[in-house]
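Just below is one structure, and these are the notes that go with it.
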Amino acid sequence: MDELRIGATTIALEPGDITRVHAEAIVNAANAHLAGGGGVDGAIHRAGGPSIMEECRRIGACKTGGAVLTGAGNLPSRYVIHAVAPRYAGRPRDGELLRSAYGTALDVACKLGLRTIAFPSLGTGAYGYPIDEAADIALSTARGHALGETTLERITFVLFSERDLAAFRAALGRASVHKG
Ligand code: AR6
């Protein structure tokens, strides 16, 4: 089973396309200019319609490691949380920034009192973060969040490729071993 239970929160993995997911918030792998692009970002703006980009323009920018909130246009979710991963360059700081992008998105959702959130694998496409390391960071940040006080009952990682799903499954196994 691709799930890990931490207190009242379930961390789950599922294959698929995040634009089709029914979670209260989905997370976008955005860039610091909130300018749109390819990958998940392109898919979310295409499926969600122009209102999301209008809101992004009003917000203007988001620092790397940060996250900002918009509505979700025509998507089945209520909100899109645009999180900005680092462009991978092998610096120790890259790990901190990726952790911060996940952590900030989780905090934004929790402040809104949301119960469900879905993430793609941030940073592991155009930004080049190695998937195995990124999956460990994603799951340990979710686990750390769930160990604190949170409104989130379900944190789902929606994995678009076999490679992403396999890496997150292996990382979930490692996170489960360290559960106690
Ligand atoms: N649903 C879920 N995951 C997806 C989807 C989808 N529909 N499409 C791709 N992925 P990327 P980044 C996976 O490049 O590395 C954009 O141009 C994909 O398999 O979307 O953070 C932005 O504007 C990959 O593992 O995001 C930025 O400029 C993962 O999503 C830049 O790319 C992330 O790949 C951000 O790069």
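The values are calculated or read from the model by the stated rules, or taken from the named source; none is laboratory data. Being a predicted model, the structure only gives us computed values, none of them experimental. Backbone-built Cβ (ideal geometry, glycine too); neighbour counts: all protein chains shown. Accessible surface is based on the protein model in full, side chains and every heavy atom, while ligands, DNA and RNA are left aside. Shrake-Rupley method; radii C 1.70, N 1.55, O 1.52, S 1.80 Å.
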- Sorted list, accessible surface of protein heavy atoms, 1.4 Å probe, largest first, for His33, His82, His145 is His33, His145, His82
- Item | Cα long-axis angle, helix 50-59 against the chain (0 to 90 degrees, to the nearest 10) | 90
- Query: Helix 162-177 versus the longest principal axis of the chain: what is the Cα-based angle in degrees, 0 to 90, to the nearest 10?
  - Reply: 50
- Message: Can you give me the Rg/Rh ratio for the chain, using Cα atoms for both radii and the Kirkwood formula for Rh?
- Response: 0.93
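Counting only DSSP beta bridges with both residues in the stretch 2-177, tell me the antiparallel percent, nearest 5.
Working: 9 of 27 bridges.
Taking every DSSP beta bridge within the stretch 2-177, about 35 percent pair in antiparallel fashion.
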- Here, trypsin sites (Lys or Arg not before Pro) of the stretch 16-122 satisfying both criteria (DSSP loop; at most 10 other Cβ within 10 Å) are none
- Note on the structure: Computed over the chain: longest principal axis from alpha-carbon atoms vs helix 39-48 long axis, angle to nearest 10 degrees, is 60
- Query: Tell me, what % of the accessible area of the chain is carbon and sulfur with a 1.4 angstrom probe?
  - Reply: 52
